[in-house]
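What follows is a single structure, written as structure tokens, with notes after it.
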Amino acid sequence: MSEEILKEEQLKLLPVIPLRGMTIMPEAVIHFDLNRVKSIQALEGAIAKDGRLYLVTQKDVDIDTPRREHLYDVGTIAQIKQITRLPNQLVRVLVEGVCRGILYELNEENHRYLEGYVKEISVHEVDDEEQIRQEAMLRQLKEMFASFAAHYPKLDKNAIQRYAKVHNLEELMDQITMNLPIDYEKKQAVLGELHVKKRFEILVGLLQREIEIACAREEITQNIKGRVEKNQKEYLLREQLHYIREELGEEGTFSDADQFEESLAKLEASEEVKEKIKKEISRFKSLSGSSSESAVERGYIETLLELPWDKKTKDSESIWHARKVLDREHYGLTKVKERILEFLAVRCLTEKGQSPIICLVGPPGTGKTSIARSVAEALNKKYVRICLGGVRDEAEIRGHRKTYVGAMPGRIATGLKQAGVKNPLMLLDEIDKVSNDYKGDTFSALLEVLDGEQNVRFRDHYVEIPLDLSEVLFIATANTTQTIPRPLLDRMEVIEVSSYTENEKFHIAREHLLKKQMEKNGITGKMLTIQDSALKNIITFYTKEAGVRELERKIGDILRKAAIEILEKREAGEDAERIKVTASALEHYLGKKKYMLDKANSKPQVGIVRGLAWTSVGGDTLQIEVNQMPGKGEVELTGQMGDVMKESAMIGMSYIRSIAGEYHILPEFFKDHDFHIHIPQGAVPKDGPSAGITMATALFSAITGKPVRNDLAMTGEITLRGRVLPIGGLKEKILAAKMAGIKEVLVPAENKKDIEEISEEIKDGLTITYVKSMAEVLRHALIKAQERTGE
């Protein structure tokens, strides 16, 4: 910069020290530390001249080597008073601010330290009118500072007295700014404003804001102090109470109450529930710790705090995931899977959806219990299983009144507590085996639980506070609906889980049971394989069941025997080859065949008809035999028949007698002959009306001497007039007929809708003939004379 400009603008070339995070005002005496090399060299350059330097604040404190654009325009020209050298190359300098200075530019020729051209700004001289205005501003500023100082008792006591002696407005503003507890940027705003009035407005605004902050802080402090004093009072009282209870030996009661209150504060529940628990805790505090009532109250409060009042899990809303889990864990069970997916779809669309109450009915071992666990996984629900088999006390469901010794909540409330959420899947296992006694009707207690309209406020006798069961997904299982009362059955959506076909058992064994048993017995795929033909023979000749439990046990038997062979070869030092279990090797592992197929007779016979029956382990064929002999017209029934089956035999006999004239049978024939109806396997009880047309056909064959087709089986109830009525268990019966090699099956015409629901896999190879009357049955079953002649 030229000499002319320097003289014209009255600029001075001064060493420049950039300040980080601080602003120094004129008239201020302050010390600060320097550690940057250029700053220390600038200090030494100032000492070498007249001891004056220019202090200016950096805009960004993170810059180590600032340039002109990184510095504010206005800083302070200061006089060095003292220098102290400290360890680690630090220099502490004491300076006194002289006046403001405007930085024009830096001297680029000086590479040792920063040096700048600075214009000195002195205190303005004012006229009388402006002096009066500044005097007013001066007094207002002093008053505001006094008000500010009243909120800061730690502020220098002499500051107000010192400022009272200051009569220059600019000097007072600079001194107050320096002592205000504000950040350097706000101080820089005051320093950088050269117009006195605007500078006054900035400072007054800062003071006013600080006074408001101080008032708000005092208000907060006062509130906190009041709370602290209250807490201290409570603490002292609790300590006294703690000492008193300790002397009385009731210390445990007090600590328990504290824990209960902490748990209550964290509990997710309605205000009604919390208020009830709070009252019980207050009552518990007033009880003696050694009294029996205290123990009862403690147990009651613990139960209330452990129940999931409003806590629940977020259910899965993915149809794809639910279908994948259900199909992965179970083969078949199509109706159950469809119903669960329907529920999920409806809930996703309505965002609520009432939880269904499903009852799975079917023979043992068909996967009713395990499908419930898979449903819980598919819907991301907690799983709770409650076994109702043998439960005969109503209190098992509703709980005992807590006034009784040893009182407990019922199984429903306990199940919720075990799940920890209010929307679990609750499996009511073996609901058909609930019994009653003089203590109450257990089935009636279940009516409220399984009613979607009532279980919103289910009241357990022990808990006393209504429980919301509306979000619980109930799944009940039963082997039969005969023992379940009609009102309870009406509240549940019954889904039949029928017996598995041989093909279904084969798929279940190959895809699920074999893997499960191999893992359980430590056998890998490299050690052993079971051929498909072997699995099919196990199903046919070694098991006879509706489900797959016995099949799983047989697979386990094979694997255990194979494990012995593997270890024996290993101990003998032989190479353990993979064991292949074939159909011919089954006798080695499982022994002789346990069951033989009850095949159809090789030729038609008189008085022998193949019937179909439903059993708890699936379908079966019954060979009904009838003999006639000279006698007095008596009818003998053997083979452990039940009352209903006996009545069916008598109805069949009455029907045959009523149509005897049409077939030229003399009335005396029934007086002069006895009839013996027998069903083989006499040790097995048999009952039901479905053998009606079978016995009637056998009687007619024996009386007329006409043989019955050996490749035909039949089922249906008969009336006195010869009508054929519908029966149940058709899937199992048709499957049994197919296994026995039957070619044609006669079924009631009214059962056509049931036949259509049976899979084609079962019906394949069978001719299903629908009959409405005994005349049709006889026409299909009996072999005509020309057919016998042809034979």
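A single member of 324, 279, 312, 285 is in contact (Cβ under 8 Å) with a residue 60 or more places away in the chain, open to solvent by 20 Å² or more (accessible area, probe 1.4 Å) and either in a helix (DSSP H, G or I) or over 21 Å from residue 464 (Cβ atoms) (or both), and it is 312. Checking the structure you have, find out if any residue of region 70-83 is under 20 Å from residue 119 (Cα atoms), open to solvent by less than 10 Å² (accessible area, probe 1.4 Å) and either without any contact (Cβ under 8 Å) to a residue 12 or more places away in the chain or among the hydroxyl-bearing types (Ser, Thr, Tyr) (or both). Within region 70-83, one or more residues are under 20 Å from residue 119 (Cα atoms), open to solvent by less than 10 Å² (accessible area, probe 1.4 Å) and either without any contact (Cβ under 8 Å) to a residue 12 or more places away in the chain or among the hydroxyl-bearing types (Ser, Thr, Tyr) (or both). The criterion of at least 3 residues that are open to solvent by 40 Å² or more (accessible area, probe 1.4 Å) is met by the following helices (runs of 4 or more DSSP H) wholly inside region 391-483: 411-419.
If you go through region 548-562 and keep only what is open to solvent by less than 10 Å² (accessible area, probe 1.4 Å) and within 15 Å of residue 505 (Cβ to Cβ), you end up with 551, 555. Is there a residue in region 329-345 that is within 24 Å of the chain's Cα centre (by Cα), among the aromatic types (Phe, Trp, Tyr) and closer than 30 Å to residue 436 by Cα? No, region 329-345 contains no residue that is within 24 Å of the chain's Cα centre (by Cα), among the aromatic types (Phe, Trp, Tyr) and closer than 30 Å to residue 436 by Cα. Close contacts from region 707-733, counting a first residue that is within 22 Å of residue 615 (Cβ to Cβ) and a second that is among the aromatic types (Phe, Trp, Tyr) and buried (at least 19 other Cβ atoms within 10 Å of the Cβ), with Cβ to Cβ under 8 Å and a gap of 6+ residues or different chains, come to 718/655; 728/614; 729/614; 732/614; 733/614.
Checked against (1) surrounded by 14 or more Cβ atoms within 10 Å (Cβ to Cβ); (2) in contact (Cβ under 8 Å) with a residue 12 or more places away in the chain; (3) part of a helix (DSSP H, G or I), residue 533 passes all but a single condition, namely (1).
Listed here are the strands (runs of 3 or more DSSP E) enclosed by region 692-791 that have at least 3 residues being buried (at least 17 other Cβ atoms within 10 Å of the Cβ) and either in contact with a helix residue (DSSP H, G or I) (Cβ under 7 Å, 6 or more places away or on another chain) or not basic (Lys, Arg) (or both): 712-714, 744-748. Set side by side, the residues 109, 130, 125 differ, and just one is of a type in the set (Asp, Glu) and part of a helix (DSSP H, G or I), which is 130. Which one is farthest from residue 521 (Cα to Cα) among residues in region 551-576 that are touching a Lys or Arg at 6+ places or on another chain (Cβ under 8 Å) and part of a loop (DSSP other than H, G, I, E, B)? Among those that are touching a Lys or Arg at 6+ places or on another chain (Cβ under 8 Å) and part of a loop (DSSP other than H, G, I, E, B), it is 575. Criterion applied to 433, 422, 417 was being out of contact with any strand residue (DSSP E or B) (no Cβ under 6 Å at 6 or more places or on another chain), farther than 23 Å from residue 312 by Cβ and touching a residue at least 40 places away in the same chain (Cβ under 8 Å), and the one residue passing it is 433.
Filter region 519-533 for residues that are aliphatic (A, V, I, L, M) and either modelled with pLDDT of 90 or more or in contact with a strand residue (DSSP E or B) (Cβ under 6 Å, 6 or more places away or on another chain) (or both); which is farthest from residue 564 (Cα to Cα)? Of everything passing the filter in region 519-533, 530 is farthest from residue 564 (Cα to Cα).
The values are calculated or read from the model by the stated rules, or taken from the named source; none is laboratory data. Just so you know, these numbers come straight off a predicted model, no measurement behind them. Note: ideal-geometry Cβ built from the backbone for every residue, glycine included; neighbour counts use all protein chains shown. Note: areas computed on protein heavy atoms with side chains; ligands, DNA, RNA excluded. Shrake-Rupley method; radii C 1.70, N 1.55, O 1.52, S 1.80 Å.
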